[in-house]
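Structure record follows, encoded as structure tokens.
The values are calculated or read from the model by the stated rules, or taken from the named source; none is laboratory data. If you're wondering where the values come from, they're calculated on a predicted model, not measured in any experiment. Reconstructed Cβ throughout: ideal geometry from the backbone, glycine too, with neighbour counts over all protein chains shown.
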Amino acid sequence: MKEPGLRLGFDLDGVVASQDIALLQMIRALEDNDSRNVEWVREWYYRTRRLLLEPSKIMASSDLGFIITCRQEHLRTLTELWCRRFVPNLKLLFIPAKSRTCSSSFNEWCEEVSLAKAKAIRELRLDVYFEDVDLIVERLRKLVPECKVLKFGEDLYEGI
């Protein structure tokens, strides 16, 4: 009988999918100004993200993989399409954030996301989770000590 593998979790933006903080900030400026162009700009941005970490390159055939994202609800369809295209063998867990990145204080956003991801990590019984935001990595290590939370990628939000 085949031994069960590891249960691996991956953050989406900044770990599996590339991100561009300058473009994201411009999209947020359009949102704040009630621009009619924001929908197509947002769709273009999320559809054109490239694969950053390819999970299949670090997973054994017996491992199970999960994407955990806290993107906002209006991005669900685009997120599902992107994941089907680039990481079809991973299960997507979509946990919509109530706030946008930087819409409240950055620390409050990190706390909201950390609590939501910690709950998901416990429910999925993950062995390892990959995250790019330093504050979220630190918080998850305290909230779910049974899971090895690894930092991967550049924390583009550092200093915001």
For this session: Report whether or not Leu92 is farther than 15 Å from Leu12 by Cα and at pLDDT 95 or above.
Result: no
Problem set entry | Candidates Glu154, Glu112, Glu108, Glu131, filtered to the one that is exposed (fewer than 14 other Cβ atoms within 10 Å of the Cβ) and in contact (Cβ under 8 Å) with a residue 12 or more places away in the chain | Glu154
Exercise. If you go through the range 62-78 one residue at a time, how many are more than 18 Å from Ala116 (Cα to Cα), polar (S, T, N, Q) and in contact with a Lys or Arg (Cβ under 9 Å, 6 or more places away or on another chain)?
Worked result: 1
Problem set entry | Any hit, the range 117-130, residues being part of a strand (DSSP E or B), among the aromatic types (Phe, Trp, Tyr) and touching a Phe, Trp or Tyr at 6+ places or on another chain (Cβ under 6 Å) | yes
Seminar exercise, completed: When every residue in the range 38-55 that is surrounded by 14 or more Cβ atoms within 10 Å (Cβ to Cβ) and either over 13 Å from Val15 (Cβ atoms) or of a type in the set (Gly, Ala, Ser) (or both) is compared, the one modelled with the lowest pLDDT is Val38
Exercise. How about the range 31-58: which of its residues are in contact (Cβ under 8 Å) with a residue 12 or more places away in the chain, outside any loop (DSSP other than H, G, I, E, B) and either under 19 Å from Val87 (Cβ atoms) or aliphatic (A, V, I, L, M) (or both)?
Worked result: Val41, Tyr45, Tyr46, Arg47, Leu51, Pro55, Ser56
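Okay, residues lined up against (1) assigned to a helix (DSSP H, G or I); (2) of a type in the set (D, E, K, R); (3) out of contact with any Phe, Trp or Tyr (no Cβ under 7 Å at 6 or more places or on another chain):
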site: Ala60; (1), (2), (3): no, no, yes
site: Ile67; (1), (2), (3): no, no, no
site: Thr77; (1), (2), (3): yes, no, yes
site: Glu80; (1), (2), (3): yes, yes, yes
site: Leu92; (1), (2), (3): no, no, yes
site: Glu112; (1), (2), (3): yes, yes, yes
site: Val137; (1), (2), (3): yes, no, yes
